[in-house]
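Comments concern the structure below.
The values are calculated or read from the model by the stated rules, or taken from the named source; none is laboratory data. These figures come from a predicted structure and were not determined experimentally. Note: ideal-geometry Cβ built from the backbone for every residue, glycine included; neighbour counts use all protein chains shown.
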Amino acid sequence: MVSDTIKKQEVVAKNPMMMKPADIQADDSLEAAVVRNLQAYFETLNGMRPHHELYPMVMQAVEKPLLEFAMKRTGHNKCAAAQLLGINRNTLHKKLQFYKLI
């Protein structure tokens, strides 16, 4: 049984996208998840240089699902979503257009 748990942890460590909410520990933070995913990304590169600039790639990977989450959480109310995110409604509107979410 213990070896099955270790094998599962190894598979999840190699591919963090396989994580399910039940796999996430109470002490996992958003920062830890980002670091884990970055480490996995660089492991897949096998020492090669990334094809894209890292900062915009990470920001887009995080921002789009964040916007989707905020919109769903607020029933697609832009004013409420902007308030939840702590950004101006016009900024939210531009970002939703950029990611083709409206």
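Selection of first residues in the stretch 47-67 that are acidic (Asp, Glu) and of second residues that are surrounded by 13 or more Cβ atoms within 10 Å (Cβ to Cβ), restricted to Cβ pairs under 8 Å at least 6 apart or on distinct chains, gives the following pairs, ordered by first then second residue: Glu63/Lys95; Glu63/Tyr99.
Counting only residues that are surrounded by 15 or more Cβ atoms within 10 Å (Cβ to Cβ), out of contact with any Leu (no Cβ under 9 Å at 6 or more places or on another chain) and in a loop (DSSP other than H, G, I, E, B), the stretch 52-84 holds 0 of them. All of Ile87, Ile102 fail the test of being modelled with pLDDT of 95 or more, in a loop (DSSP other than H, G, I, E, B) and more than 13 Å from the chain's Cα centre (by Cα), apart from Ile87.
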